[in-house]
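Everything below concerns the one structure shown next.
The values are calculated or read from the model by the stated rules, or taken from the named source; none is laboratory data. Since this is a predicted model, take the numbers as computed values, not measurements. Because the Cβ atoms are built from the backbone with ideal geometry, glycine has one as well, and the counts that use them run over all protein chains shown.
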Amino acid sequence: MRGGTIMQEKSTINPKSESTRERKGNTATSAIELTSVAQEVFSQIAKSTSRVVQQAASILEEEVADGIVAAKEVEDKLFDTKDIRKESKEALFGRFRNDAHEVVDIFMDLVGVAAKYGTDLTQRMITFTVPGTKKEEAPVSDVPKLEMPEPMKPGSATEVPMELENKSREVTDVFSMYCTDLISNQGNRMLAGNISFAPETIKIGPGQREKVLVKVSVPRNTPAGSYSGLVQATNLDQLRAILIIRIV
Amino acid sequence: MPVKSYDFVKGLLEDYNSLAIKTLFRYIPELEPRKYLYELVSSYPGRPGKGFRPALCIATCKAFGGTESMALRSAVAIELFHNAFLVHDDVEDDSDFRRGDKTLNAEYGIPIAVNVGDAMNVLSIRPLMENLSLLGPEMTWIVFTEIEHMVRQCVEGQAMELGWVHENDTGLTEEDYLRMTLKKTCWYTIIHPCRIGALIATSGEADPDRFNRFGYYLGAAFQIQDDLLNLIGEKEKYGKEIGGDIWEGKRTMMLIHLLNSSEPDEKQWLGHFLSIPRRHRNPEDVENVYRLMIKYDSFGYARSCSRNLAGAALKEFFTAYGALPDTRDKEFLYRIVLYMIERDL
């Protein structure tokens, strides 16, 4: 019966292909038609849907669900590709910058990254030490930025989610996140007590992720400016990010 | 009969493959170190190969209304990844011959071969980056995401297969084999080249999932066919040692069928044979495995599976390509299905 279905498909294709060939000056060597080999193959599966094909179809569905869909979810977390496709190159990168706040992956590779990210406080404002590792300089750009999506007004409050991923093979100790005082580009200060994190204590297994809310409350008398401070964690020298808040 | 159509397929395959390889060579730096790196990078791509992957990518792009140049860089990247896989595969399998000549590991040793494979992986990134100027940032990103999935699936599939050999797993099922084949072979041999070609041609508008079943069935049929050729083909045509898969203990559909069909004492002997390192296996035992496969008709079973999958692939061809205008490339894609599953068997 399936062979009949295919033959029907063939018959709908052939007339079109003939006209196409006339228009295109014989670009195709021949219309799509079933060769004897194809007919033989089809006759085999015509009798019944092959078990191996059914099995393959089932596996494919599982793998697609696990693979491409999962990859798409990761992509969607970063930005909406459908919207991006409509935008120009400049808009693309602008949008990337604006959307990056939604998910900030702070990688904590307890083994390899520690030494790489070692930074001298006197030169980079950030420092940490890891027992048994040598301090090395790292560019500031290696430190993730956590930028508030919208400018904030004095007296306002907001919460921004971020995600922590432990890419190492070891579970972390229980840790808490904290932020230094924020300093503006005008030299003004916003005290660390205006920044908090939820949950207050976190523990992340190897390869696992945890969501953390960054809560910001801007005091009423805060002067306008771009404020930044360093987010760090207790018991976890490898985790840091620069928190940036624009006050208007 | 298909002779004439195969000439057509072979001709266009050669055209697209030549174009891809010629372009690929332009991405190999003309710098030092030449002798043990860049000259060897061109070794495998320079040998006679079928060139299915670049051909599927370019032909699909054209069938969907695109041009050769739109898909060329992506096709080159896929071919470079493929050749890198081959170099590393030969190391992992301790193979001596590839495409009618000595493998890099056999001629230059494992360290150099591994490094050449690494270089090919790295070199494949450049053509994808250069998509930016021709295809724009959105499409470049989409192609990157396709390639990332393709490469990851392939190494995961390879890990499954290597793990089976490492653990001397004799309890595998046909489902295990089909899943491994999807991951190791089908995504990067058929599915992603077609997906990428269509996405590029349509600026991302074509639904790439239309190629998943087509590519899986065709890729699995092709892989089973390739495994059959390894055991019952001719060395001159096949380009590799005949029976190499038995020597390696590779978990092919035939071997899995045999393990699941044989008597307990035979299965016990097979388990013992498979536990012996390749270098310590002897021709008599390899011959005995071969005879057992004949006794239990493992070749016939695998051939039947391959045919069924090929038939399903032909049916899916019409889902994937049926609505397109009839062009030389659509014709080529249709005939390549038959060619891939009928070659020299």
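What to note about this one:
- Selected residue (criterion: farthest from residue B:72 (Cα to Cα)) from residues of segment B:181-194 that are crowded, with 24+ Cβ neighbours inside 10 Å and facing another protein chain (nearest Cβ under 10 Å): B:181
- Any hit, segment B:297-318, residues being of a type in the set (A, V, I, L, M, F, W, C), farther than 22 Å from residue B:9 by Cα and in contact with a Phe, Trp or Tyr (Cβ under 6 Å, 6 or more places away or on another chain): no
- Taking (1) surrounded by fewer than 19 Cβ atoms within 10 Å (Cβ to Cβ); (2) in contact (Cβ under 8 Å) with a residue 60 or more places away in the chain; (3) under 23 Å from residue B:149 (Cα atoms); (4) among the aliphatic types (A, V, I, L, M) in turn, residue B:112 satisfies each apart from (3).
- Any chance residue B:73 is at pLDDT below 95 and either in contact with a Phe, Trp or Tyr (Cβ under 8 Å, 6 or more places away or on another chain) or closer than 30 Å to residue B:137 by Cα (or both): no
- Evaluation of residue B:95 against the conditions (1) more than 25 Å from residue B:225 (Cα to Cα); (2) surrounded by 17 or more Cβ atoms within 10 Å (Cβ to Cβ); (3) of a type in the set (Gly, Ala, Ser) shows that the sole unmet condition is (1).
- Residue A:204, sole failed condition from (1) under 25 Å from the mean Cα position of the chain (by Cα); (2) free of Cβ contacts under 8 Å to residues at least 40 places away in the same chain: (2)
- Under the condition of being more than 9 Å from every other protein chain (Cβ to nearest Cβ) and among the aliphatic types (A, V, I, L, M), the residues counted in segment B:314-343 number 6.
- Single residue of B:267, B:250 found to be surrounded by fewer than 21 Cβ atoms within 10 Å (Cβ to Cβ), outside any helix (DSSP H, G or I) and basic (Lys, Arg): B:250
- Counted residues, segment B:286-313 - those being more than 21 Å from the chain's Cα centre (by Cα) and within 12 Å of chain A (Cβ to nearest Cβ): 1
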